[in-house]
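The values are calculated or read from the model by the stated rules, or taken from the named source; none is laboratory data. For clarity, every value in this text was computed on a predicted model and none was experimentally measured. So basically every Cβ, Gly included, is an ideal-geometry build from the backbone, and we count neighbours across all protein chains shown.
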Ligand code: NAD
Ligand code: UD1
């Protein structure tokens, strides 16, 4: 009974690995580390005191994927691996369609060949585009506005077709709202490469002194203070939603679609205030024009997830900001500050760090 976690070294994946291990699941993680660091998985092991196999494999490497299913008795897959930057998807659409859509097709092919038909997929509230009403229920019209969003929409459709063709498949489509926060140990958290695109990583880098000031994109929306409103959800609540969704796909065949949010919206300026309170630091900001493609307000109707999964987000906005701040303060450079340490240890004891097998590096020191 082992769960394969693709993209498990990433932000949401690493937190979900912790909650899966805490819930007693065995896991195997694959990641190509294109947007993450093996250190995150080392820290998952530290937090949980549990061990698991980790492979450096690209989901586009079908043979590599197939070997994982031969070596482990996989019963379900949680599929996080994907590229997620909206702007980059506009300039590099082929890369996004190839990585996200073709990668998912290859994964499903290998699952099918091995008789593994339980899948939890990371979708996004971005599939709703600019919603007609808030809170947004799952049966809202889907109308994505950028290639990244379209990869999520296409994958949802592909997975529905797979279930239609073979009702033995059991699939959860989880539409995340805005994940923020970090594990309360301060050991794992969001570590964006380069300048962050999303609000909370940007604010926390201003607080820690890495960035000068926040640029607030627009104060002329039809919201109570004119700034954009979003449904921020603690990454631990989100991770616990995956544990519940996994139980659901194992107990009830079908395609189950759930919003994972809190059902409550906060504006940009409210988030600035909440972060100032949590960190004790002033967040300076300037108001700029609207960011192209942004929507005014977005928050979830979470009733379906509560009724069918018995899940609801419990962590409040202050806790989200406190945990983000602890992570940011302790790891101002994310996981890259350990690069130098890694180099030194590689020079001293090269074989202990990576054991290379053809394409994959097995990281189970
Ligand atoms: P992340 O970038 O931190 O994690 C994704 C992981 O997938 C990374 O570790 C990356 O190295 C890996 N990966 C990417 N392409 C791969 C490939 N071809 N083969 C193997 N590994 C690959 O992102 P995240 O925030 O943890 O998001 C996880 C998933 O949730 C993504 O699919 C993302 O689109 C989706 N999602 C994220 C958000 C968000 O705000 N963070 C919101 C909605 C949906
Ligand atoms: C963005 C993505 C969306 C993705 C989501 C979660 C875009 C256009 N949309 O959405 O597809 O699903 O992240 O990963 O990129 N803001 C600022 N200054 C900043 C950053 C953000 O004012 O430096 C504002 C935004 O205008 C918005 C709010 O903060 O009102 C939240 O922004 P962000 O964290 O990027 O999330 P989304 O806009 O919801």
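May I ask you to list the residues in region 249-267 that are surrounded by 22 or more Cβ atoms within 10 Å (Cβ to Cβ) and within 14 Å of residue 77 (Cα to Cα)? If the condition is that a residue be surrounded by 22 or more Cβ atoms within 10 Å (Cβ to Cβ) and within 14 Å of residue 77 (Cα to Cα), then 249 is the only one that fits. Taking residue 78, is it outside any loop (DSSP other than H, G, I, E, B), away from ligand 2 (no atom under 16 Å from the Cβ), under 29 Å from residue 201 (Cβ atoms) and in contact with a strand residue (DSSP E or B) (Cβ under 8 Å, 6 or more places away or on another chain)? The answer is yes for residue 78. As a summary of the residue check, residue 144 satisfies the conditions (1) touching a strand residue (DSSP E or B) at 6+ places or on another chain (Cβ under 8 Å); (2) not in a strand (DSSP E or B) except for the one numbered (1). Has region 210-228 got at least one residue that is at pLDDT 95 or above and either within 15 Å of ligand 1 (Cβ to nearest atom) or in a helix (DSSP H, G or I) (or both)? Yes: region 210-228 contains one or more residues that are at pLDDT 95 or above and either within 15 Å of ligand 1 (Cβ to nearest atom) or in a helix (DSSP H, G or I) (or both).
Looking across region 2-13 at every residue that is within 11 Å of ligand 1 (Cβ to nearest atom) and in a strand (DSSP E or B), the one that is surrounded by the most Cβ atoms within 10 Å (Cβ to Cβ) is identified as 5. Of all the numbered requirements in (1) without any contact (Cβ under 8 Å) to a residue 24 or more places away in the chain; (2) within 15 Å of ligand 2 (Cβ to nearest atom), residue 165 misses one, and that requirement is (2). Only a single criterion out of (1) in contact with a helix residue (DSSP H, G or I) (Cβ under 6 Å, 6 or more places away or on another chain); (2) over 15 Å from residue 188 (Cβ atoms); (3) not in a loop (DSSP other than H, G, I, E, B) is not satisfied by residue 60, namely (3).
Against the criterion of being within 10 Å of ligand 1 (Cβ to nearest atom), crowded, with 20+ Cβ neighbours inside 10 Å and within 15 Å of residue 78 (Cα to Cα), residue 16 qualifies. Restricting to region 59-79, and then to whatever is under 22 Å from the mean Cα position of the chain (by Cα) and free of Cβ contacts under 8 Å to residues at least 60 places away in the same chain, can you tell me which residue is surrounded by the fewest Cβ atoms within 10 Å (Cβ to Cβ)? Going through the qualifying residues, I end up with 60. Taking the criterion of being assigned to a loop (DSSP other than H, G, I, E, B) and within 16 Å of ligand 2 (Cβ to nearest atom), would at least one residue in region 20-43 satisfy it? Among the residues of region 20-43, at least one is assigned to a loop (DSSP other than H, G, I, E, B) and within 16 Å of ligand 2 (Cβ to nearest atom), which makes the answer yes.
The set of residues from region 244-270 being touching a strand residue (DSSP E or B) at 6+ places or on another chain (Cβ under 7 Å), part of a helix (DSSP H, G or I) and within 17 Å of residue 179 (Cβ to Cβ) comprises 245, 268. Taking every residue in region 184-207 that is closer than 16 Å to residue 233 by Cα and pairing it with any residue that is in a loop (DSSP other than H, G, I, E, B) and within 11 Å of ligand 1 (Cβ to nearest atom), at least 6 positions away or on another chain, the pairs with Cβ-Cβ distances below 6 Å are 201/190; 201/192. Please indicate, with yes or no, whether at least one residue in region 94-112 is in a loop (DSSP other than H, G, I, E, B) and either within 16 Å of ligand 2 (Cβ to nearest atom) or at pLDDT below 95 (or both). No, the conditions are met nowhere in region 94-112. Residues in region 195-209 that are assigned to a loop (DSSP other than H, G, I, E, B) and at negative phi were compared, and the one that is farthest from ligand 2 (Cβ to nearest atom) is 208. Looking across region 229-243 at every residue that is within 14 Å of ligand 1 (Cβ to nearest atom) and part of a strand (DSSP E or B), the one that is farthest from the chain's Cα centre (by Cα) is identified as 230.
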